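One structure below.
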Amino acid sequence: SGSWEPLYRVVLLGDPGVGKTSLANLFAGVQERDLLEQHGVAAYERTLCVDGEETTLLVMDTWEPEQRGDSWLRNQCLQVGNAYVIVYSITDRGSFESASELRIQLRRARQAEDIPIILVGNKSDLVRRREVSVEEGRACAVVFDCKFIETSAALQHNVAELFEGVVRQIRLRRGGK
Ligand code: GDP
């Protein structure tokens, strides 16, 4: 089209093992992931058509926990996002508690900015191993003042809806001020 189209950086946050890479994979599609991984980049760009309008997202899967990653990189993650997806596993209460800590870190890093945040309870297919109820997730999102969705990367359930939701949250804030 040739028209200028903005790109929005979406950063995935959350404990190791909650499913960030699986969600990023589904967003990217397998072929693109292979290509990008050869170049050592954990960021995936795709243009989504949502409500009849195209928006390009760059999904970044570079978050590392405090014990492993260096603090400079973590701080970069907290600074560069235009939107954040905070992921926990519904089978891991510890990861749910970490999500709260991440929300606090994000608020501290970006102060008064009104950044879209989506809280994601992943692995919703593992019903018998559930440790965090849907109600708890929803209540947490109310406290966080953010959106909430449960997903299953394994069943590809609600994953497209998650990224469409990110686009809608970005648009709600666009040009509003
Ligand atoms: P990350 O460390 O947050 O990037 O998590 P990964 O995407 O590497 O996933 C960790 C493990 O959980 C892998 O074995 C995945 O196959 C598995 N996993 C991820 N999402 C789901 C899900 O929705 N359901 C189930 N059952 N397993 C999942």
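Values computed for the structure shown
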read-out	value
Ratio Rg/Rh [Cα only; Rh per Kirkwood] for the chain	0.94
Most positive-pole-ward Cα, V87, L13, L102, against dipole of the chain from beta carbon charges	L102
Loop chymotrypsin sites (Phe, Trp or Tyr not before Pro), the stretch 46-133, which have at most 14 other Cβ atoms in a 10 Å radius of their Cβ (DSSP)	none
Within the stretch 84-155: Cβ-based charge dipole about Cα centre, in debye rounded to nearest 20 (Lys, Arg +1; Asp, Glu -1)	100 debye
Size of the stretch 44-119 as Cα extents on the principal axes (Å, biggest first)	41, 30, 25
Gyration tensor (alpha-carbon) shape descriptor, the stretch 101-149, a/c threshold 1.5	prolate
Pairwise label distance in nanometres, E131 with Q111, each label 7 Å out on the Cα-Cβ vector	3.7 nm
Under-5 Å amide H pairs with I117, H placed in peptide plane, nonlocal only	Y84, K147
Alpha carbon centroid spacing (whole Å) that separates the stretch 113-135 from the stretch 59-100	14 Å
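All of the numbers you see were taken from the coordinates with simple rules; none came from a lab. Keep in mind the model is a prediction, meaning the values are calculated, not measured. Every residue, glycine as well, gets a Cβ built from its backbone with ideal geometry; the counts of neighbours run over all protein chains shown.
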